[in-house]
Amino acid sequence: MVTLFQLFWSFFKIGTFTIGGGYAMIPLMEKEIVDRHRWLDKEEFLDILSVSQAMPGIFAANMATYVGKRLRGWQGAVVSVIGNVLVPIILILLLAIFFQTFRENRLVESIFMGIRPVVVALIAAPVFSMAKTAKVSKTNFWIPLLAAALIWVLGISPIIVIFLAALGGFIYGRCRKGAEQ
């Protein structure tokens with residue numbers, strides 16, 4: 001049985017060592033939750049990732065809530081969320097207090113410029129891993145590309161795109177089920 005301390009410590013590490021926020025946390029979460037502890041399998045992780053992104057609120061806290069609740073009930077959910085957001089909240093408060101002082105500092109500016117490409121890589125890496133888990137193939141690769149284009153190029157709300165994707169999946173499943181009968 002997973003202890004509350006194990007949940008806290010795992011999500012504390014994820015929250016502490018992730019630069020770039022929610023999406024940059026995905027590789028660390030997958031490594032900790034799926035690979036290291038085997039609390040979820042890859043498919044369940046992907047399902048929860050999708051739901052967490054669609055839900056209102058902080059993505060990482062949504063993930064922590066689900067995993068904690070699944071493993072140890074509401075106590076686990078609370079402990080996981082606290083572990084996940086504790087260090088980022090403290091750092092944000094400190095940055096807010098001292099940012100005005102160091103805003104014009106060239107060293108600080110250079111550090112932030114150096115971190116940007118790393119954050120992009122941290123966000124891009126799990127996309128390929130999730131594509132394999134979601135069984136994106138040569139025949140259906142156009143679906144995530146279309147969704148990204150609708151959101152990014154045309155400015156359509158992600159909520160509408162998610163709704164359309166769910167509707168499309170439902171219709172596809174019904175048609176396929178009807179063809180098999």
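If R0 equals 35 Å, the separation of the Cβ atoms of Glu109 and Val87 corresponds to a calculated FRET efficiency of about 0.90. Straightening the chain between Phe102 and Phe128 buys 5.7 nm, computed as 0.36 nm per residue apart minus the Cα-Cα spacing.
Full extension of the chain between Cys175 and Val120 gives 15.9 nm of extra length, using 0.36 nm per residue less the Cα-Cα distance. Multiplying the residue separation of Ala166 and Ser50 by 0.36 nm and subtracting their alpha-carbon distance yields 40.6 nm.
Using only Cα atoms and rounding to the nearest 10 degrees, what angle (0 to 90) does helix 59-102 make with the longest principal axis of the chain? That helix lies at roughly 40 degrees to the long axis. The shape of the range 76-181 comes out prolate: with a ≥ b ≥ c from the C-alpha gyration tensor, a/c is at least 1.5 and a/b beats b/c.
For the chain, the relative contact order works out to 25 percent when only alpha carbon pairs closer than 8 Å and six or more residues apart are counted.
For the range 20-74 versus the range 167-181, the spacing of their alpha-carbon centroids is 29 Å. Using alpha carbons only, how many degrees (0 to 90, rounded to 10) separate the axis of helix 42-54 from the longest principal axis of the chain? Relative to the chain, helix 42-54 is tipped by roughly 70 degrees.
Taking Cα centre as origin and charging only the Cβ of basic (Lys, Arg, +1) and acidic (Asp, Glu, -1) residues, the dipole magnitude of the chain rounds to 260 debye.
Using just the C-alpha positions of the range 4-135 as equal point scatterers, what log10 of I(q)/I(0) does the Debye formula give at each q in 0.15, 0.19 1/Å? Per q value, in the given order, log10 I(q)/I(0) is -0.74, -1.07.
Taking the C-alpha atoms only, the angle from helix 106-133 to the longest principal axis of the chain is near 20 degrees. For the range 136-181, taking Cα atoms only, Rg and Dmax work out to 12.6, 40 Å respectively.
With a ≥ b ≥ c taken as the square roots of the eigenvalues of the C-alpha gyration tensor of the range 1-58, please select rounded if a/c is under 1.5 and otherwise prolate if a/b is larger than b/c or oblate if it is not? Oblate, because a/c is 1.5 or more while a/b does not exceed b/c.
Quick note: the coordinates plus some simple rules give every number you see, no bench work behind them. Since we're looking at a predicted model, the values are computed, not measured. All Cβ positions, glycine included, derive from the backbone under ideal geometry; neighbour counts span all protein chains shown.
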